[in-house]
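Student: I'd like to ask some things about the structure below.
The values are calculated or read from the model by the stated rules, or taken from the named source; none is laboratory data. None of these values were measured; they are calculated from a predicted model. Cβ: placed from backbone, ideal geometry, glycine included. Neighbour counts: every protein chain shown. Only protein heavy atoms, including side chains, enter the accessible area calculation; ligands, DNA and RNA are left aside. Shrake-Rupley method; radii C 1.70, N 1.55, O 1.52, S 1.80 Å.
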Amino acid sequence: MATPEDVRARMGGREVRRIVYTAEMIRDRIAQIGREITEAYPYDEDVLVLGLLKGSFIFVADLVRQIRRPLHVDFLMAASYGAGTVTSGHVRLVHCPETDLAGRHVILVEDIIDSGTTLNKVVPLLRERGPKSLELCALLHKRIAASLVLDARWVGFDAPREFLVGYGLDHGEDYRHLPFIASL
Ligand code: IMP
Ligand code: MG
């Protein structure tokens, strides 16, 4: 468990409201999801784990090590653009996966599903590439999205409706490196 001194050192002195998910909780949950994904696909078919950057980078790294079957890993990055910091609804792929999706079982990995805007734009773009199947795995799900073109088959935790940081999640690019998830 992270001691208060440890938390303060990592956060540059900023206080967290509370630690919502400890490193141990995250590790145990990912081990379970890894077992489920291992059993979900025929062993002789191609599986591609596709992480949505940047937020999923730690989750993907830990998740794939809990999946006991052959697979490939790639990443894509989506960016919202438009005025202001509020999600404009316009999303484009900044880094398109170079991997061919056609005929593969694709597992899109997200850090957190909030409004669902990002996913609702990215999923159709991926479907155009003809994957054999497309499933979604999210570490956190706030369960506030009005409609999702594809809901998550695997969810780590139903998250509180608070602003969370750590384990890949940022606030102005800070705090991605925390081994736990905290509410600011
Ligand atoms: P959505 O498009 O509203 O579902 O938001 C998706 C993206 O917003 C996530 O992939 C995160 O990068 C970011 N995001 C949403 N909620 C949080 C949060 O509580 N903490 C940090 N980032 C968040
Ligand atoms: Mg962010």
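Student: What's the carbon and sulfur percent of segment 21-69's accessible surface, probe 1.4 angstrom, rounded to a whole number? All intermediate terms of the calculation are to be shown ahead of the outcome.
Tutor: Working: 1180 of 2380 Å².
Whole-percent figure for carbon plus sulfur exposure: 50.
Student: Between Leu53, Leu119, Leu148, where does the largest GNM mean-square fluctuation fall for the chain, given springs only between Cα atoms within less than 10 Å?
Tutor: Leu148
Student: With each run of n ≥ 4 DSSP H residues scored as -39500 (n - 2.57), what mean residue ellipticity at 222 nm is computed for the chain after dividing by its residue count and rounding to the nearest 500 deg cm²/dmol?
Tutor: Details: 4 runs with 45 residues, N = 184.
-7500 deg cm²/dmol, from helical runs alone.
Student: Express as a percent, rounded to the nearest 5, the fraction of DSSP beta bridges in segment 104-184 (both residues included) that run antiparallel. Before the final figure, lay out the partial values.
Tutor: On the way: 4 of 16 bridges.
Rounded to the nearest five, the antiparallel share is 25 percent.
Student: May I have the extent of the alpha carbons of segment 106-179 along their three principal axes, as whole Å values ordered from largest to smallest?
Tutor: 36, 24, 20
Student: Then there's this: Would you tell me the accessible area of Ile58, worked out with a 1.4 angstrom probe on the heavy atoms of the protein chains, in Å² to the nearest 10?
Tutor: 30
Student: Still on this model: On each of the three principal axes of the Cα atoms of the chain, give max minus min coordinate, whole Å, ordered largest first.
Tutor: That gives 49, 42, 28 Å along the principal axes, largest extent first.
Student: Along segment 43-59, what does the Karplus equation 6.51 cos²θ - 1.76 cosθ + 1.60 (θ = phi - 60°) give for ³J(HN,Hα), rounded to whole Hz, x for Gly and Pro?
Tutor: Ordered by residue, 3J(HN,Hα) equals 4, 8, 9, 7, 10, 10, 8, 10, x, 8, 7, 8, x, 8, 5, 6, 4 Hz.
Student: Next question, about the same structure. Looking at the P(r) of segment 1-109, how many percent of alpha-carbon pairs lie beyond 21 Å?
Tutor: Details: 3176 of 5886 pairs.
Here the long-distance tail beyond 21 Å is 54 percent of all Cα pairs in segment 1-109.
Student: Place a point 7 Å from the Cα of Met77 along the Cα-to-Cβ direction; which residues of segment 47-61 have their backbone N under 12 Å from it?
Tutor: 53-55
Student: With a 1.4 Å probe and all protein chains kept in place, how do Met1, Met25 rank by accessible area, largest first?
Tutor: Details: Met1 165, Met25 80 Å².
In descending accessible area the options line up as Met1, Met25.
Student: Let me ask another. Order Tyr43, Tyr21, most accessible first, counting only protein heavy atoms with a 1.4 angstrom probe.
Tutor: Details: Tyr43 155, Tyr21 20 Å².
Descending accessible area places them as Tyr43, Tyr21.
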